[in-house]
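Working notes, beginning with the structure itself.
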Amino acid sequence: MSQKLFTGTGYLTKLMMRQNRFKLFLWLVGLIAVTLATAVSYPDIYPDEQARAAFVFTMENPAMIAMLGVGYEDYATIGALFAHEMLLFTAIAVAIMNILLVGRSTRADEEDGRVELIRSLPVGRLAYLNAAAIVAVVTNVLVAVLIGTGIILLGIDGMSAEGAYLYGAILGATGLVFAGFTALFSQLSETSRGSTMLSFGTLIAAYLVRASGDVSSEALSLVSPLGWTVRTEVFVENYWWPVYAMLAVAIVLGLVAFYLNAIRDLESGFIPERAGKRNASAFLQTTMGLAFRLQRTNLIAWAIGIFLLSASFGAILGDLEVYFTDNEFVQAFLAESGDTSMMEQFIVLLMAIMALISTVPVVMAVMKLKSEENKHLTENYYSRAVSRSRLLGSYVCLSMIVSFVMQALVAIGLWSVGMVVVEDGIAFDTTFASALVYLPAMWILMGVAVFLIGIAPKATGFVWLYVIYSFVVIYLGGLLEFPEWANNLSAFHHIPQIPTMDMDYMRVLILVVIAIVLTVIGFIGYNRRGIQG
Amino acid sequence: MPILKATGLTKRFGKFTALDGVDMELNKGEVYGFIGPNGAGKSTTIRILLGMLKATAGEAQIFGKDVWKDAVELHKQIAYVPGDVNLWPNLTGGEVIDLFMKMRGAPNQGRREELIERFKFDPTKKSRTYSKGNRQKVALIAAFASDADLYILDEPTSGLDPLMERIFQDCVQEAKDAGKSVLLSSHILSEVERLCDRVGIIRQGQIIERGTLDELRHLTRTNLTIQTKETITNLDEFVGIHNLEKEGHNLSFQVDTEEMDAIIRHISQFGIIKLESAPPTLEDLFMRHYQGEEQTSSGTGGSR
Ligand SMILES: Nc1ncnc2c1ncn2[C@@H]1O[C@H](COP(=O)(O)OP(=O)(O)OP(=O)(O)O)[C@@H](O)[C@H]1O
Ligand SMILES: [Mg+2]
């Protein structure tokens, strides 16, 4: 009996591997390349004791702890510096990869009717989920082994073999935990959107809980799986318990998912369905209204997530200040660096990162049009009296509203909490300006999406590569000493960083013009091409 | 004056030619049947007529307007039902019907309620839970609730039960009585036979036959069943007799229309007791083209 449940797993695993191989290849190459390139550069960045002392000093401030996790007691090796700066964010990237991979191979395939076809064949009831689980395990093992081996092969002093394998293993284990969460949510929720949202929600919650836990109480931090990730003290103490604990959690999540999958009906979930409306509201009957309605839950979730993230950074500002005023060394340092305070520099970095995070829902809002076309839903508009420009225009408008709302939430989140915790308060107008100044760069990314939708509809996915590239430039551009032209490719690099820099209207205007040109070309292309469905 | 006129429509997807010089004319108040095997190019033609695909060559006008350039203006007068209705999973059927009517302009709530009633449709459920036939009903209700001048229907009844199929046919008849025009693509040949004034048959992207049903029948054979007093002789001398089956004094065969006269004269010498004649069904007609296709090619690939 139990054997029968899994019949056909081998065949399905091969099929799933084939379907995902290109995406997985890109993910693996990206993860490994970024990790190894960064690892190589560390001995050069921190060549002597003095440089390391400066690093340790920076990392001990609460803002950095919230962002990257509690540091080490003692940064005995260069590996510790590397791991502290890279581990958490790489783990998050691995988690995102797992959420997307497992989400697609479970609920999304089911929603699109592929699982139904498969299940009509002599294939066991659990075979599809089982195949997805195997693909996830193989992928994460590859992440662990390749990154571990890669670091060893680099032969860097201060990055031991055990540390290297632990570094890889904890990445893979974190990935498996989120693969497990996604598999579970795919059973609970009836839609792929719902399951992906719950999974990303869990990831964001895990990050926030760890951030506040790391600053306030260790016990709180241990509630979050990401709190375990940063407690490996890799390259120094090399604690393996977080890896085992995570594997255990992943197995439990997986088993629950298997159980729920076995007892539920195909294409149903456990979160119940309410009776719906008989008529469409006036708002829904506008194209904009429909575009919003289709993404409503998703956008609201992003708005809440971004507000919370920004507010929790605001909460750190208070600690940051206390930390700096108590510290004579910093006082001296601040005096030296003239009129830009540490806090302002922190806000600048924060705003750049928050702007990039806000860009994700902005780009998603327009890209929805392409996914509608892929599902043959745009034919519902174009067989009626709706013009291409009107529909694309609605999505562009929605996307611009989203960009404004998200950035406003970033500013409000940071300012409202910052107000309370910082003694002198922080200026409302500068905070707002420093957030809103990023809008033109976000519009360029939206413009790239529109451009691709109009001109190269098969290659729209490339806009996400550009988003990731922009993120790499901001987060690692300085560290990896990218040449200036490489930095210049990112639209975000050209934004004047308020408050440490002055507003530069000319630059911003040029960015806006680029965004408009991209968007207009996209519109022209979209009006000329055939619609797939 | 035709309301729909397509000349030389050609569509290539990369190297593959899906349509190869399709001509089509549809007059006001007429129901036009558009039939052909899977992958013949029916949906592709219809998508070009709706301005969703751009023809590689050729042109088409509806109500004298270009289907690509004036698509939006045109669609205010056109109602379309695809064979595979895709709906937004998290909206209810009722919401989607409202949306569709609003997108065309001039929604008619009274007609909407009447059709929901006639098609026995529950508009309060989420679209994701609808069966194939129920999704089809959403598009049908939205189409017939709107006051269009031209209905373009691409396998509109796929998945409908026979009762609902009947209601659909009533709706088309009502539209026709009101002077509306209909382009109906369908694999249900009895439906086409009952509803359509003229028929076009497409195969491998080319229209191979067109005309009124009578005209098409003329090109083909009539089924005859005959009983005579005496045994018929010399029947082999005639050309134009097919599928002959003999059983004592009972005969059945198909006869080419142009040979009919001579053969009946010959048979009447033997003392006719019983003579039944049946016009060829559309299916007979169609089968000949299907079989023709099997002999000339190994098919053109999947649908859509
Ligand atoms: N976007 C596309 N790219 C490539 N080939 C296509 C595309 N759309 C349709 N085709 C091909 O064009 C041909 C005609 O397809 P079409 O959908 O018009 O057939 P059809 O007559 O509607 O068939 P059916 O009766 O199965 O609905 C098919 O061979 C199909 O594979
Ligand atoms: Mg078709």
Q. Scanning region B:15-39 for residues that are away from ligand 2 (no atom under 16 Å from the Cβ), open to solvent by 10 Å² or more (accessible area, probe 1.4 Å) and in contact (Cβ under 8 Å) with a residue 60 or more places away in the chain, which turns out nearest to the other protein chains (Cβ to nearest Cβ)?
A. B:T17
Q. Does region A:72-79 contain at least one residue that is farther than 19 Å from A:F200 by Cα and surrounded by 24 or more Cβ atoms within 10 Å (Cβ to Cβ)?
A. yes
Q. Can you spot a residue in region A:34-56 that is without any contact (Cβ under 8 Å) to a residue 60 or more places away in the chain and within 25 Å of the chain's Cα centre (by Cα)?
A. no
**Q.** Identity of the residue in region B:40-66, in contact with a Gly (Cβ under 6 Å, 6 or more places away or on another chain) and more than 14 Å from chain A (Cβ to nearest Cβ), that ends up farthest from ligand 2 (Cβ to nearest atom)
**A.** B:G58
Q.
Tell me whether region B:169-187 contains one or more residues that are within 16 Å of ligand 1 (Cβ to nearest atom), in the same structural domain as B:K42 (by TED's automatic domain parsing) and in contact with a helix residue (DSSP H, G or I) (Cβ under 6 Å, 6 or more places away or on another chain).
A. yes
(Q) Among the listed residues A:G338, A:G269, A:G314, identify the single one that is modelled with pLDDT under 85, crowded, with 17+ Cβ neighbours inside 10 Å and not in a helix (DSSP H, G or I). (A) A:G269
Q: Could you check, for region A:208-226, whether at least one of its residues is assigned to a helix (DSSP H, G or I), open to solvent by less than 20 Å² (accessible area, probe 1.4 Å), aliphatic (A, V, I, L, M) and away from every other protein chain (no Cβ under 14 Å)?
A: yes
Q. Hey, among the residues in region A:233-252 that are aliphatic (A, V, I, L, M) and open to solvent by 20 Å² or more (accessible area, probe 1.4 Å), which one's farthest from A:F181 (Cα to Cα)?
A. A:V236
Q: Select from region B:246-258 the residues that are under 32 Å from the mean Cα position of the chain (by Cα) and open to solvent by 50 Å² or more (accessible area, probe 1.4 Å) and list them in ascending order.
A: B:E258
Q: Test each condition in (1) away from ligand 2 (no atom under 16 Å from the Cβ); (2) at pLDDT below 95; (3) among the acidic types (D, E); (4) closer than 30 Å to B:E25 by Cα for B:D170 and report the one that comes out false.
A: (2)
Q.
Suppose we filter region B:99-130 for residues that are away from chain A (no Cβ under 12 Å) and either within 23 Å of B:I3 (Cβ to Cβ) or among the polar types (S, T, N, Q) (or both); how many remain?
A. 2
Q: Go through region B:143-160 and count every residue that is within 20 Å of B:G36 (Cβ to Cβ) and either within 13 Å of chain A (Cβ to nearest Cβ) or more than 16 Å from ligand 1 (Cβ to nearest atom) (or both).
A: 5
Q | Qualifying residue in region A:467-479 (condition: over 30 Å from B:L50 (Cα atoms), of a type in the set (S, T, Y) and either without any contact (Cβ under 8 Å) to a residue 60 or more places away in the chain or open to solvent by less than 50 Å² (accessible area, probe 1.4 Å) (or both)) | A | yes
(Q) Which residue is nearest to B:L183 (Cα to Cα), if the candidates are limited to region B:1-21 and must be within 15 Å of ligand 1 (Cβ to nearest atom) and in contact with a strand residue (DSSP E or B) (Cβ under 6 Å, 6 or more places away or on another chain)? (A) B:A6
**Q.** Where B:I232 falls short, out of the listed (1) open to solvent by 10 Å² or more (accessible area, probe 1.4 Å); (2) without any contact (Cβ under 8 Å) to a residue 60 or more places away in the chain; (3) within 16 Å of ligand 1 (Cβ to nearest atom)
**A.** (3)
Q: List the number of the failed condition for B:M24; all other conditions in (1) more than 22 Å from the chain's Cα centre (by Cα); (2) in a strand (DSSP E or B); (3) more than 12 Å from ligand 1 (Cβ to nearest atom) hold.
A: (1)
(Q) Considering only region B:135-152, I want to know if a residue exists there that is within 14 Å of ligand 2 (Cβ to nearest atom), in contact with a helix residue (DSSP H, G or I) (Cβ under 8 Å, 6 or more places away or on another chain) and more than 25 Å from B:R288 (Cα to Cα). (A) yes
Q.
If a residue counts only when it is under 27 Å from A:S281 (Cβ atoms) and open to solvent by 20 Å² or more (accessible area, probe 1.4 Å), which helices (runs of 4 or more DSSP H) contained entirely in region B:40-127 have at least 3 such residues?
A. B:109-118
Q: Considering (1) within 16 Å of ligand 1 (Cβ to nearest atom); (2) away from chain A (no Cβ under 14 Å); (3) within 30 Å of B:D147 (Cα to Cα), say which one B:E209 fails and leave the rest.
A: (3)
Q: Of the conditions (1) surrounded by fewer than 24 Cβ atoms within 10 Å (Cβ to Cβ); (2) closer than 21 Å to A:N527 by Cα, A:P361 clears all except one; give me its number.
A: (2)
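The values are calculated or read from the model by the stated rules, or taken from the named source; none is laboratory data. Note that the structure is predicted; figures quoted are calculated from it, not measured. Reconstructed Cβ throughout: ideal geometry from the backbone, glycine too, with neighbour counts over all protein chains shown. To get the accessible areas, we keep the full protein, side chains included, count just its heavy atoms, and leave off ligands, DNA and RNA. Shrake-Rupley method; radii C 1.70, N 1.55, O 1.52, S 1.80 Å.
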